[in-house]
Amino acid sequence: MSTTIPARDQVDPQYTWNAESVFASAADWENEVQKILADIENVTAFKGRLKESPTTLITALAAADELMRRVAVAYMYAGFSFAVDTTNQKSAGMGSQGQSMNGKVRAALSFIQPEILEIGKSELDKWMQQEPGLSVYAHYFDDLFRKQAHIRSAEVEELLGMAIDPLSGPGGTA
């Protein structure tokens, strides 16, 4: 019985995670990252407009949720790729690229919480009555107002979002 652990690229694929079930190739992953970055505009188009109406708010939140769902998939794919073989420099690069994408998206969406707080809790409660789809966010709104003292302006929140990439370096150092 061998006690030598084979290199990751020499392990029988049946014993590895099925990366192709998420993205067929690294090129497909790269394409999705580029699409995500381009699709930031679909959410930032709502900047300064969340107070317009319940319909505007729910449309913006749905767009942000969908974008963040895609970010999570791409980010985790890159992280898993690196975690299974930390000697693979291509995977390390993907991890860094995924981290950068995550920071850019979070910075771009940072206007949402401050703008929701500007609407006010009582007005949001009325809006949830008018637009039943908003009730899905009731817990989110309650939690946001609970943490209100810790939410900064949109500009500061954007800066904090942009800091994700450079400040996470020590955690990513192997």
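The values are calculated or read from the model by the stated rules, or taken from the named source; none is laboratory data. Only a predicted model underlies this, so the values are computations on that prediction, with no experimental measurement involved. Neighbour counts run over all protein chains shown; Cβ positions are idealised from the backbone, glycine included. We work out accessible area using only protein heavy atoms, side chains counted, and drop any ligands, DNA or RNA first. Shrake-Rupley method; radii C 1.70, N 1.55, O 1.52, S 1.80 Å.
In terms of its Cα atoms, region 30-83 spans 44, 16, 12 Å along the principal axes, sorted from long to short. Pairs with C-alpha atoms separated by more than 18 Å, drawn from the list K51/K121; K121/K147; K35/K90; K51/K126, are K35/K90. Measure out, as a whole number of angstrom, how far apart the alpha-carbon centroids of region 25-57 and region 98-134 sit. Spelled out, the Cα-based centre of one part sits 13 Å from the other.
Taking every protein chain into account, the 1.4 Å probe leaves E52 with about 110 Å² of accessible area, to the nearest ten.
With N as its number of residues, the chain has a Cα radius of gyration that, divided by 2.2 N^0.38 Å, comes to 1.28.
Taking 35 Å as R0, compute the FRET efficiency from the Cβ-Cβ separation of E118 and S96 and round it to 0.05.
Rounded to the nearest 0.05, the efficiency is 0.50.
In the elastic network of the chain, a GNM with C-alpha springs shorter than 10 Å, the most mobile of D65, D12, D85 is D12. The GluC sites (Glu not before Pro) of region 7-40 include none that DSSP puts in a loop with a beta carbon having at most 12 other beta carbons within 10 Å. In the complete set of protein chains, residue-level accessible area for V33 is approximately 0 Å², probe 1.4 angstrom.
Overall, the accessible surface of the chain at a probe of 1.4 angstrom is composed of carbon and sulfur to the extent of 55 percent.
Please report, in debye to the nearest 20, how large the charge dipole of region 29-106 is about its Cα centre when each Lys and Arg carries +1 at its beta carbon and each Asp and Glu carries -1 there. Before the final figure, lay out each step's value.
On the way: 9 positive and 8 negative charges, 47 e Å.
The calculation lands at about 220 debye.
Each Lys and Arg adds +1 at its Cβ and each Asp and Glu adds -1 at its Cβ; summed about the Cα centre, the chain shows a dipole of about 300 debye. Working note: Karplus 6.51/-1.76/1.60 with θ = phi - 60° gives region 95-100 the couplings x, 5, 5, x, 5, 4 Hz, where Gly and Pro are set to x. As a length-normalised measure over Cα pairs under 8 Å and 6 or more apart, the relative contact order of the chain settles at 24 percent. A straight chain from V84 to S2 at 0.36 nm per residue would run longer than the Cα-Cα distance by 27.4 nm.
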